[in-house]
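> Please read through the structure below; I'll follow up with questions.
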Amino acid sequence: MALNYDQAIAAYDPTLGLEVHVELNTNSKMFCGCATEFGAEPNTQTCPVCLGLPGSLPAVNGKAIESSILIGLALNCSIAPFSRFARKNYFYPDMPKNFQTSQFDEPICVNGYLDVEIETDEGTKVFRIEIERVHMEEDTGKSLHVGGSTGRIHGAEYSLLDYNRAGIPLVEIVTKIIPNTGKYAPQVARAYVTELRDILRSLGVSDVKMEQGSLRCDANVSLAPAGSGQLGTRSETKNVNSLRSVERAVSGEIERQANRLQNGERIIQETRHFLEESGQTRPGRSKEQAEDYRYFPEPDLVPVAPDAAWIEELRATLPEKPSIRRKRLKIEWAVPDKEMASMVNAELLDTVEETVLLGSDPTKARSWWLGEISRLANEKEVAPTSLITPIQVAEVIALIASGELTDKLARQVVEGVINGEGTPQQVIDARGLKVVSDDSALMVAIEAAIASQPETAERIRGGNIPAAGALIGAVMKATGGQADAAKVRELLLKHLGQG
Amino acid sequence: MIHSTAAEMATKLAAGEISSVELTQQHLDRISVVDGQVHAFLYVDTEGALSQAAAVDAKRVAGEKLSPLAGVPLALKDVLTQKGIPTTCGSKILEGWRPPYDSTIVSKLKSAGIVILGKTNMDEFAMGSSTENSAYGPSHNPWDLTRIPGGSGGGSAASLAAFEAPLAMGTDTGGSIRQPAAVTGTVGVKPTYGGVSRYGLVAFSSSLDQAGPCARTVLDAALLHEAIAGYDPRDSTSINAPVPAVVAAAKKLDVKGMKIGIVKELSGDGYQAGVRSRFDEAIEELVNAGAEIVEVSCPNFEYALAAYYLIAPSEASSNLARFDSMRYGIRVGDDGVRGAEEVMKMTREVGFGKEVKRRIILGTYALSSGYYDAYYGSAQKVRTLITQDFAAAFSKADVLVSPTCPTTAFKIGEKSDDPLGMYLNDIATIPVNMAGIGGMSLPVGLAPEDGLPVGFQIMSPAMKDDLMYQVGGTLEAALLRKWGSPILSNAPALGAN
Amino acid sequence: MSAISRDEVAHLSRLARIEMTDSELDHLASELDLILGAVARVQEVAGADVPPTSHPLPLQNVFRPDVVTPSLTAAESLSGAPASAEQRFKVPQILGDAE
C-alpha cells in the first residue's frame, strides 16, 4: 500500500539541506572583462581567460567580491577576514579549464541565519535556518546536444558548446542541515528560497529569476524514523526551477523515500533530477562514485582579506530587510495579515508600494492591483505589471479622487490600458470617458428628467427621498453613464428642496 | 655581427651603422647554416621577423624615439604565446596551434621593437632538465653536439651559444633558465616571482613559473630584463612596484663591502670536481674585488627537491587538464561514435609524452583525498621553511651563491631512464623558485676534465634583483679580464649543417 | 613494500583522463613508487605548527573594476577548434549529466 504524504510524514522525520546558486548581475565576468549580457551570439563574449586558453590567467571582479560580502551581511554571516579561491578539479566539456575556480575550506562568509515565517495549524511560526557558508565561483558554458531520438543527452550524436556563460560570477549559499520541520518541510523550503530571493533582489545583486536560471536551488532531503533523532541518507534534487517546484520537490522526495524505506529498500545517496510535469524526481549521476575534486588553493589568485572598515562601509549600505519592510508597511497601511499575505503571495507588494509612493491611498491601490487588474491579467495569463504600470494606476486613482472619474468609468479606463489602447488619458479621450461634472450641463439633464417624471419629482418634494433613484437613473442614462451619480443626487435633491 | 653582444648591436643600430633588417637577416642566415645540427628552433618566423625589423628601421629613419634594444633579434621559448605563430610548448598535443592572442611579454617585446626570430625548443610543458622531453626531438649543445643543452629551456640557451640570436626568452620553474645557461656558457636570470607577467606563459607550475631574460652577457640580460618586466593587471600575482634598476646595477662593476653568502647545503658536496674548482675560483675573484664571504646554513634545503617534485606536478596536473581536444590542439579517436570522455583519454594518451604523464599522475596522487596532507600539504610547509631559511641567510649576506648545477652537460640519452637522477640536476636551483626570490647563472669557466662550461649561481632577496646583476656584472668583468676573451670564443665553431 | 599499486595508478589515470596501456601502468607504478619514496621525506619536517605557503609573495586583495573589455571575435575563439558548427565548438557526444 503506497504511502501518501501525510502517512509518510507521520512515520518519518525529514531533514533538509538547501543549496542556492545566485548569478550576480555584474557588467563583466568573474575573472575577465567579457560582457555578461544575456542572449548574445554564441562565443562572442569569450576571451583567452574564460575560454581557458593556454597561458591565460584570472583577474577577480571587485564588484563580485562586494556583492558576495553584501549577501553574507544580509544573511547575518561573519565575513572571513581571510578567504581564498580554490580549484575544484573535474573534467566536463562545458568547463574550459577542466577545473572550476571556486572556494573550498576558506569561503568568504560563514555562519549566518535567515528567519522565515510559515503558516502552521498553530498559527504563524518562525523557523531559523542556519547558513553554513556563502562562497564565490564561476559558471560553466552551455552545451547543446544534437542528434539522437529525443534530443536529450543520452543518445546524442555530438554536442555544441557556447562559452558565453562560462565565467559568469556565481555565489553559492549553503544551509546547515535543517531539522525539525516536520510536515512543514516543503513550506519551509519554499519560504526560505522566497525570502532569500527577496533579500537578493533588495540588495540589487542579481535578477533572481528562477525561470531564467539566475537563481538555482538544489534540495537535499533525508528521512529518519519518526522520533529516532537519527540522520538518514540524503538525495540531492536539481533542476528545481520555481518556488512552487521547491515545495513540490521536497514533498515528492519525502514521499518517494518514505515508500522505499517502508518497502525495506535503502536510499541511495545520489543526485536526482526534478521533473516539472509530474512533480517526481528521476535518478541522475550516482553520488556514490563521486569525483575526487582534489581541491587546492588557486595559485593564480591571491587571498581576499576585506578589512573591517570596508565591511562596515558595505554594511551601512544594506537596505531594509524584506520581512522588516513587510511588517512596517502592514502597520503603516493598517492592513490585516490575510490581506498582507495575499499581496505577498501575488508578488504585488512592491508594485502596490510604488503606487502608494506616487500618492495613492494604500487600500485603493491594493484593491485595484489585486482585484480588477489581477483578474484581467489572469485572463490573459500574464503578470499584472506587464500590462499597466504603477504610475498609470496612481493616475487613475487620483482621477477618481478628484471626481474626474467614477469607479465605473475608471474600470473602463483600466481595461482600455490593459487592452493596449494607450495611456489612461488616451483611453479617456478616445472613448470619451469624461465625468460630466459641469453643474449646468447636469442641471439640463436633471430638469429634463424632472419634466419627464413629474409625479416622481412631486413625491421627492414631499420628502420621499428614495424616489430620487428613478430620476438619478434617468439622468445617468441620458448622460451615457458619465455623470457622477453622487453629484447628480446632490443637485437633484437641492433643486427639489431636499438638499 | 652575430658574435657581438646585444648592447653592441643596439649601439650600432642606433648609430645607423647597420639596419635591423640586415642584422635580422644575418641571424636568419646563421640559423639556416647551423640549426640543422643544433635544433634550437621549432619555428622560424622569417617573414614576420623581417617585417618587424623593417618597421623598426622605418621608425628610426623617421626620427622616432626607440627603446634601447629596438631592432635587436630575439629567440622566444615556445611556451610563450605569440598571436598567429605556432606555439607547441614542445608537445604533440598542441601541434599546429596558433594562439589568438599575444602574451604580455610578446606585447612588450613588440612595443620595444625587439625582433622575434622564432620559437625555441623545450622540454614538453617545461618539464625536464635536458630538452630531451621535447616531442620534436632534443636540442644539441653547441659546445658538443652529442650533449644536452640543459632544460627545459635548452633551445633558447643553445640559440645563444650558437650565435643564432643575441637574446632569448626563457622560463624557469625549478631551474629551466639557469641550468641551461650553466651548461651552455651563457647568462640566464630568473627574476623575483611576480616581476615579469605570466599572462600568456603556458602554465606548468603556477606558483613557481617565472619568465626571464637569457643572453651572452650580464648587461644584455639586464637590458632585456628591463624591457619585459613590470606590473601587469592581467596577472594577479604580478608585483605592483617599479622594475628594479638592473641595467645600472649591471654596470656598477663594484662589490666592495658586499657580503656574499655561501650556502653550506649547496656548496658542492658530490658535485663534479671541475664544477667545484671553478666555483672556488670565482669566489676568489669576488674576494679580490672587495667582497666579504660569509658561510650560511639553510638546513631545510635538503627537502627542497622533494617538495618541488610534489608541488610542481600537483599544479601541473591541474594546469594541463585543459588539454582535452575540445577547444584546441589535436583530437584523437573522434570517429563519430566514441563519446567525449573516450576521445579526451585517447588524445591525452597520445598527445602527452612520458615525463608529462608521469608528473600528471604523481600530481593527481599528491592532491587526492586522503593523501593531500601527507604530500601536497606537507610540501607547502617545506616551502615556508625554505623561505624562512633564506630570510635568515639574507640577514647575514646581501646575496647567496652556489654552483648552478652539479655537473657539466651530460650526453644525450645518458639520464633518460633515470628520472630521479635527472631531477638531481635542479638541486641547487629549486630552492630559489620555492621562495620566489631572484636567481642568476653566469659562466665562470670550463671544467678542466671535459672542457665544458660551468655555471655560477647568484641568489638575491625578493624584489632586489639588482643585487644579483651587480655581483654578476662585477664577476663577469673580472673573469673577462682574466681570460682575455669571452668564454664562448672557446666553443667549437659550428660549420654548415 | 610498494607505496602505490598498479590499480591505484589505473584509478589515477582515470581521474586524469589518460588512457594508459597495461605496460605503461606497470612501468609507472614502479617509477612512482621510487619517486614517492624519495619525496615522502617532506613529512619529516612538516610539523603541525608550520603554516603552508600557497603564494611566494604576501599579496592580497588584487581586484579589477567591473568594466567590460573587448572579447575575442567568435572566429578568433573558434580558430583552434578541431571541429565547429553553428559558431560553436563541436565535440563528441557527452554521456552523463553535468555537475
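> Taking only the C-alpha atoms, wrap a convex hull around the protein assembly as shown and report its volume per residue in Å³ as a whole number.
226
> Something else: Taking Cβ-Cβ under 4.7 Å as the only way to count a partner, pick out the unpartnered cysteines of the protein assembly as shown.
Here A:Cys32, A:Cys34, A:Cys47, A:Cys50, A:Cys217, B:Cys89, B:Cys214, B:Cys298, B:Cys405 come out as lacking a disulfide-compatible partner, given the Cβ-Cβ threshold of under 4.7 Å.
> Here is a further query. For B:Lys59, give me every one of the aspartates and glutamates with a C-alpha distance below 19 angstrom, ignoring sequence neighbours fewer than eight places off in its own chain.
B:Glu17, B:Glu22, B:Glu47
> Would you list A:Val171, B:Val79 from fewest to most Cβ contacts within 10 Å?
Going from sparsest to densest Cβ surroundings: A:Val171, B:Val79.
> Then there is this: Kindly put B:Leu69, B:Leu74, B:Leu446 in sequence by how many other C-beta atoms sit within 10 Å of each C-beta, fewest to most.
Fewest to most other Cβ atoms nearby, the residues stand as B:Leu446, B:Leu69, B:Leu74.
> Moving on to the next point. How do B:His39, B:His225 line up, fewest other C-beta atoms within 10 Å first?
Result, fewest neighbours first: B:His39, B:His225.
> Here is a follow-up. Which loop trypsin sites (Lys or Arg not before Pro) in region B:1-106, with loop taken from DSSP, have no more than 11 other Cβ atoms within 10 angstrom of their Cβ?
B:Lys65
> At q = 0.20, 0.26 Å⁻¹, what base-10 log of I(q)/I(0) does the Debye formula yield for region A:439-495 when every alpha carbon is treated as an equal point scatterer in vacuo?
-0.60, -1.03
> Among the GluC sites (Glu not before Pro) within region B:1-78, which fall in a DSSP loop and have no more than 14 other Cβ atoms within 10 Å of their own Cβ?
B:Glu17, B:Glu64
> Using the Cα centre as the reference, give the magnitude of the dipole from point charges on the C-beta atoms of the protein assembly as shown (Lys, Arg: +1; Asp, Glu: -1; all else neutral), rounded to the nearest 20 debye.
So the magnitude is around 840 debye.
> Taking 29 Å as the cut-off for C-alpha to C-alpha distance, list the pairs among B:Lys92/B:Lys464; A:Lys29/B:Lys65; B:Lys357/B:Lys381; A:Lys176/A:Lys327; B:Lys108/B:Lys190; B:Lys357/B:Lys464 that go past it.
From the list (B:Lys92/B:Lys464; A:Lys29/B:Lys65; B:Lys357/B:Lys381; A:Lys176/A:Lys327; B:Lys108/B:Lys190; B:Lys357/B:Lys464), the Cα-Cα distance tops 29 Å for B:Lys92/B:Lys464; A:Lys29/B:Lys65; B:Lys357/B:Lys464.
> Can you give the Rg to Rh ratio of region B:124-210, both from alpha-carbon atoms, with Rh computed by the Kirkwood formula?
Result for region B:124-210 is an Rg/Rh of 0.96.
> On to the next question. What translational diffusion coefficient, in µm²/s and rounded to a whole number, does the Stokes-Einstein relation yield for region B:302-368 at 25 °C and a viscosity of 0.890 mPa s, taking the hydrodynamic radius as the Kirkwood radius over Cα pairs?
Using the Kirkwood radius from Cα pairs, D works out to 190 µm²/s.
> Add -39500 (n - 2.57) for each DSSP H run of 4 or more in chain A, then divide by its residues: what number comes out at 222 nm, to the nearest 500 deg cm²/dmol?
That comes out to -11500 deg cm²/dmol.
> If the cut-off is 24 Å between C-alpha atoms, which lysines fall inside it for A:Lys408, apart from same-chain ones fewer than 8 positions away?
Straight-distance partners of A:Lys408: A:Lys364, A:Lys380, A:Lys434, A:Lys477, A:Lys487.
> Report, in debye and to the nearest 20, how large the dipole of region A:322-431 comes out about its Cα centre when Lys and Arg carry +1 and Asp and Glu carry -1 on their Cβ.
380
> Sticking with this structure for a sec: Tell me the relative contact order for chain A as a rounded percent, counting alpha carbon contacts under 8 Å between residues six or more apart.
Relative contact order of chain A: 14 percent.
> Then there's this: Efficiency by 1/(1 + (r/R0)^6): what FRET value for B:Arg481 and B:Glu17, r their Cβ-Cβ distance, R0 = 41 Å, to the nearest 0.05?
E(calc), rounded to 0.05, equals 0.90.
> Quick check: pseudo-label points 7 Å beyond the Cα along Cα→Cβ at B:Gln37 and A:Glu19, how many nm apart are they?
Here the modelled spin labels are 6.2 nm apart.
> Just to compare against my own numbers: the Cα pair-distance distribution for chain B, 20 Å bins, whole % per bin, please.
The calculated distribution, bin by bin, is 26, 59, 15, 0.
> Identify all aspartates and glutamates with a Cα-Cα distance to B:Lys259 below 18 Å; exclude those on the same chain that are fewer than 8 residues away in sequence.
B:Asp280, B:Glu281, B:Glu284, B:Glu285, B:Glu292, B:Glu295, B:Asp389, B:Asp398, B:Asp465, B:Asp466, B:Glu476
> Okay, moving on. Alpha carbon centre of region B:11-58 versus region A:246-279: separation in Å?
71
> Additional query: If the only charges are +1 at each Lys and Arg Cβ and -1 at each Asp and Glu Cβ, what is the size of the charge dipole of chain B around the Cα centre, to the nearest 20 debye?
Its charge dipole is roughly 720 debye.
Every read-out reported here was derived from the displayed coordinates using simple, explicitly stated rules and does not represent laboratory data. Since we're looking at a predicted model, the values are computed, not measured. Here Cβ is always computed from backbone atoms with ideal geometry, including for glycine, and neighbour counts include all displayed protein chains.
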